[in-house]
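Written out below as structure tokens is the structure these notes cover.
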Amino acid sequence: MPPAEASQTSTPAQDTSRPRKLQLLGILSGFAAGAWLGAAEAPTKLVSIGISPMVISLIMVIGVFLARWSLPALILGTSSVRADVRRAPHLIIWALLAGCLWAVANTLTIFAIRDIGLSIAFPLWNSNSLLGILWGVLFFNELRQAGWRRWTGVLGGALVMCAGAAFLAVASSTQGPAAHSFHGLWAALGAGILWGTMYIPYRKAYLTGMNPLSFVTFFTFGELGMMTALAVSYLGVAPLWRELLSARDVLFWLMLGGFIWVIGDVFQQYAAKYVGISRGIPLSNSNQLWGLLWGIFVFGELHGRGASIYLQVIGGSALMMLGVAAIAFSSATGLEQSRWKESAHREVRRYGTSADYVEARMDGRQASGEEKPSRSVLDWLLVAGVTCIFLFFARMARVPQIQLHWAPAALLTAALVLLLVVCGLALWRTTRFN
């Protein structure tokens, strides 16, 4: 039996190093998520050429919807999704709720980017790290019996992140237009609150054994439904249609941004699964560094600003990254992981799911008796259909007339591809994407 296959069938008692492998995999997934989530927000800079934030968010969500069904179909096949739903049907409503929260939060980020800029808005809405730590401790036994060093690392890291956010909040008061800078500030913080709360359904799903690729497929119905309702109520049907027609030349870029976001979110889901939301969210919030890089080097956001603004933005971001690093090194101990299992057993008792199924999925394995995922003709037709939709809009696309530096964009894109390959291979070899 090959080593990769053996790791899928071994039990925790047979492979004592497996929890450590899963912890490292979760940390790697968190950093890969940060890179891709950061890149996904770059297309929202189109708001600077006069496109409504509602239209930008709606089209991105359509791209998200297409990606959330095609990627799971390509990786494991929709048969895996159906099997998970049969085992834990109660999680569908939680996925829909999480999708609704995401849609509202994503719309707020568009307003924030318009008013205070990408490089500053990113770290502000990443205040969701603080809520992630709070919810992880209160609801899912994270950091319980973790020891004072790990408590210090996580809480100390959170405080350092708050200090960095404070620097950025001061910078935001002079970065945006005077009439809108505080609107952008509150929009970014509101997005952080909603995103931080959204991770409760995430963790609940993975303690119950659902595969991240299955959870995101139903998550997207909540996203699309809520975003459509927001766009229609905010703009009206006729004005929304006119906005879509006038923006048809750039719809492809917005849909592509949604697709890129899903890749980052898939990695984020695995981070939340294997290191918990109290650690996974701060790790994926390393996207604020990538947002800073895209904002400054690709879009030239801070060009012409004074040295004090650069010091505040770069210094605040550096502080937040130090906080993220402290949290990343505060990995869960065996005692804390036993408390995670207590939370999982609570979910088993509450919803009547199979204990063997939940334990195997928490360990990144297939449950005994579970059929191996496979791709059908329907899956390939789904992938082909989504590809055709993107190609159709790509034919209409044009390069937006905004200031853009292509050399830094190419370097950042190469880094994204490298992280995708490295983390994707690690997930496949260790868990077969379970």
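The values are calculated or read from the model by the stated rules, or taken from the named source; none is laboratory data. Keep in mind it's a predicted model, so treat the numbers as computed, not measured. Counting neighbours? That spans all protein chains shown, and the Cβs are built from the backbone with ideal geometry, glycine included. Please note that ligands, DNA and RNA were not included when accessible areas were found on the heavy atoms of the full protein model with its side chains. Shrake-Rupley method; radii C 1.70, N 1.55, O 1.52, S 1.80 Å.
Some points to look at:
- The packing ranking, built from the mean of other Cβ atoms within 10 Å per residue, places the peptides 97-106, 17-26 in the order 97-106, 17-26, highest first.
- Pairs exceeding 19 Å between alpha-carbon atoms, taken from LYS204/LYS273; LYS273/LYS341; LYS21/LYS273; LYS21/LYS204: LYS21/LYS204.
- The chain shape via C-alpha gyration tensor axes, a/c threshold 1.5: oblate
- Once the Cβ-Cβ distance of ILE389 and TYR234 is raised to the sixth power relative to R0 = 25 Å, the FRET efficiency obtained is 0.50.
- Tensor-based shape of segment 202-361 (alpha-carbon gyration tensor, a/c under 1.5 rounded, otherwise prolate or oblate): oblate
- Segment HIS90-ASP356, length gained on full extension (0.36 nm per residue, minus Cα span): 94.0 nm
- Where labels lie 7 Å past Cα in the beta-carbon direction, separation of LEU245 and LYS372 in nm: 5.3 nm
- Label point 7 Å beyond Cα of ARG349 along Cβ direction - residues of segment 77-121 with amide nitrogen under 18 Å: none
- Taking label points 7 Å from Cα along the Cα-to-Cβ direction, LEU411 and LEU425 give a separation of 2.4 nm.
- Counting only DSSP H runs of at least 4 residues, each contributing -39500 (n - 2.57), and dividing by the residue count of the chain, the helix-based mean residue ellipticity at 222 nm comes to -26000 deg cm²/dmol.
- A simple packing score, the average count of other Cβ atoms within 10 Å per residue, orders the peptides 385-395, 282-292 as 282-292, 385-395, with the highest score first.
- Across segment 324-397 the C-alpha pair distances fall into 5 Å bins from zero in the proportions 3, 12, 12, 11, 10, 10, 10, 12, 12, 6, 2, 0 percent.
- Legend: calculated FRET efficiency, THR152 to TRP186, from the Cβ-Cβ distance at R0 = 30 Å, rounded to 0.05, equals 0.45.
- Net +/- balance of residues flanking THR107 in space, Cβ distance below 14 Å, scoring K and R +1, D and E -1: -2
- With contacts taken as Cα pairs under 8 Å at a separation of at least 6 residues, the chain carries a relative contact order of 35 percent.
- In the context of the full set of protein chains, the chain has a per residue accessible area of 40 Å² (1.4 Å probe).
- Shape call, segment 275-434: gyration tensor on alpha carbons, a/c limit 1.5: oblate
- DSSP H segments from the chain that extend 20 Å or more along their own axis, Cα-based, with Kyte-Doolittle mean of -0.5 or above: 18-40, 53-75, 91-116, 148-175, 181-207, 212-235, 251-275, 307-328, 377-396, 406-431
- Segment ARG82..LEU322, full-extension length gain: 82.3 nm, with 0.36 nm per residue of separation and the alpha-carbon distance subtracted.
- Residues of segment 80-94 with an amide N closer than 18 Å to a point placed 7 Å from the Cα of TRP380 along the Cα-to-Cβ direction: 80.
- Of the solvent-accessible surface of the chain, computed with a 1.4 Å probe and all protein chains present, 70% belongs to carbon and sulfur.
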